[in-house]
Amino acid sequence: MRPLIGITASLDGTKIQVQRENSDAISIAGGLPFIIPYLEEEQSIQDLAQRLDGLLLTGGGDIDPFLFGEEPVPGLGSITPERDRLEMALINEMLKQNKPILGICRGCQILGITVGGSMFQDIYTQIDDSLLQHAQKAPRYHVSHLALIQEGTLLHRIMGEKQIKVNSFHHQAIRGVPETFRISGVATDGVVEAIESLEHSFVLGVQWHPEDLYTKHPYMLKLFLAFVKACKELKK
């Protein structure tokens, strides 16, 4: 039986939306995708986490800076407090149960904040060093810069390379992670590209968008295959 993978969605008014590429990637990798509704009751969130075999945190808008002890800087974009609350609650429940989590872009960031990390609200005004273009103008399937992967990490085991080409669509980024996590990938300008848990079997966040790449760059499918495999092993 295919593992049930919950996929978080953006909220636009009363509509919840997910890019099809996310559910397609999970399905191709052998999982059964399930779009998560906007739940508010704690018990409902706990019940859902019990039923899920894995959690995919998708990309989207910015994160409320009060969640990491800051007030908004001018470069902060639109936030969705309901999404922040739901995703943080789901992350905490999945971590308690040691169930696999894969975070993409915003998903990587909210994962880091939930476990006590910090982040840049706007890298272009908060980092003094010269930066790469992290909000690329090229198509979403184009790989625009390098990500350097730390050897011996979960990400390194999955990708089998010390550097890979990635796409880039963000202006926020992880600043730091707690001792229970580590930074496993960075861009050549030092911006964090991946984080992972040191205490869980599969909890990984990547800053790029592999769901937009795997059809033209097959090595990106490795992330989804490894994620779904970890979810399958949980069901045994």
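Right, G59: crowded, with 18+ Cβ neighbours inside 10 Å and assigned to a loop (DSSP other than H, G, I, E, B) or not? Don't jump to the end; show me each part of the working.
Working: crowded, with 18+ Cβ neighbours inside 10 Å: yes; assigned to a loop (DSSP other than H, G, I, E, B): yes.
So G59 passes the test.
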Practice task
Among the numbered conditions (1) within 20 Å of Q109 (Cα to Cα); (2) out of contact with any Cys (no Cβ under 8 Å at 6 or more places or on another chain), tell me where G54 comes up short.
Solution key: (2)
Practice task
Would you be able to tell me the number of residues in segment 142-173 that are free of Cβ contacts under 8 Å to residues at least 24 places away in the same chain, part of a strand (DSSP E or B) and of a type in the set (G, A, S)?
Solution key: 0
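Can you report the number of residues in segment 111-141 which are aliphatic (A, V, I, L, M) and part of a loop (DSSP other than H, G, I, E, B)? Even if it seems obvious, please write down each step before you answer.
Filtering segment 111-141 down to residues aliphatic (A, V, I, L, M) leaves 111, 113, 115, 119, 123, 127, 131-132, 135, 138.
Next, only the ones that are part of a loop (DSSP other than H, G, I, E, B) stay: 115, 127, 131-132, 138.
The total comes to 5.
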Completion exercise
The condition from (1) crowded, with 21+ Cβ neighbours inside 10 Å; (2) of a type in the set (D, E, K, R); (3) at pLDDT below 95 that E40 misses is numbered (1)
Practice task
Scan I36, I45 and give me the residue that is in contact (Cβ under 8 Å) with a residue 12 or more places away in the chain and under 27 Å from D212 (Cα atoms).
Solution key: I36
Exercise for the section: Please give the number of the condition L234 fails out of (1) closer than 12 Å to N98 by Cα; (2) under 12 Å from the mean Cα position of the chain (by Cα). Expected result: (2)
Problem - Filter result for L95 (of a type in the set (A, V, I, L, M) and touching a Leu at 6+ places or on another chain (Cβ under 7 Å)) - result: no
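I'd like to know if segment 174-182 contains one or more residues that are within 13 Å of the chain's Cα centre (by Cα) and surrounded by 24 or more Cβ atoms within 10 Å (Cβ to Cβ).
Step one: of segment 174-182, the residues within 13 Å of the chain's Cα centre (by Cα) are 174.
Next, from what is left, pick out any that are surrounded by 24 or more Cβ atoms within 10 Å (Cβ to Cβ): 174.
The answer is yes, given that some residue of segment 174-182 is within 13 Å of the chain's Cα centre (by Cα) and surrounded by 24 or more Cβ atoms within 10 Å (Cβ to Cβ).
So that you can scan it fast, the table gives a plain yes or no per residue for (1) touching a residue at least 60 places away in the same chain (Cβ under 8 Å); (2) in a strand (DSSP E or B):
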| position | (1), (2) |
| --- | --- |
| E87 | yes, no |
| N92 | no, no |
| L95 | yes, no |
| N98 | yes, no |
| L102 | yes, yes |
Completion exercise
Filtering segment 8-46 down to residues that are under 18 Å from the mean Cα position of the chain (by Cα) and among the acidic types (D, E) yields E21, D24
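The values are calculated or read from the model by the stated rules, or taken from the named source; none is laboratory data. None of these values were measured; they are calculated from a predicted model. Here Cβ is always computed from backbone atoms with ideal geometry, including for glycine, and neighbour counts include all displayed protein chains.
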